[in-house]
Amino acid sequence: MSSRATVDRVVMICVLALLGLGSVTVFSSSTDLSQRIYSSPAAMTWKHLTRVAIGLFLLVVFTRMDYRV
């Protein structure tokens, strides 16, 4: 067994595709409300994308951690 973990490409592609689809959905469904609340139609989308970036960062960090003690 290799000491370096490998990434399952199919799972990673599915995760990225779902994140992209979810981000488009957030943008298309929240522009009116975001315009009224934040005076910017993309404010809620930027908040969502910030959280997506944090989640992807944590995904990479936890993927590289050795969970076997």
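Here Ser30 qualifies as free of Cβ contacts under 8 Å to residues at least 40 places away in the same chain and surrounded by 14 or more Cβ atoms within 10 Å (Cβ to Cβ). Consider Leu18 carefully, then state whether it is open to solvent by 60 Å² or more (accessible area, probe 1.4 Å), aliphatic (A, V, I, L, M) and in a helix (DSSP H, G or I). Yes, satisfied. Among residues of segment 50-61 that are within 13 Å of Gly20 (Cβ to Cβ), those with a beta-carbon under 6 Å from a residue that is surrounded by 10 or more Cβ atoms within 10 Å (Cβ to Cβ) at least six positions away or on a different chain give the pairs Val52/Leu19. Taking (1) open to solvent by 80 Å² or more (accessible area, probe 1.4 Å); (2) at pLDDT below 95; (3) not hydroxyl-bearing (Ser, Thr, Tyr) in turn, Ala5 satisfies each apart from (1). Among the residues of segment 38-69, those that are touching a Ser or Thr at 6+ places or on another chain (Cβ under 8 Å) and part of a loop (DSSP other than H, G, I, E, B) comprise Ser40, Pro41, Ala42.
The values are calculated or read from the model by the stated rules, or taken from the named source; none is laboratory data. Because the structure is a prediction, the values reported are computed rather than measured. Using ideal geometry, Cβ is built from the backbone for each residue, glycine included, and neighbour counts are taken over all protein chains shown. Remember, those area values only see protein heavy atoms, side chains included, never the ligands or the DNA or RNA. Shrake-Rupley method; radii C 1.70, N 1.55, O 1.52, S 1.80 Å.
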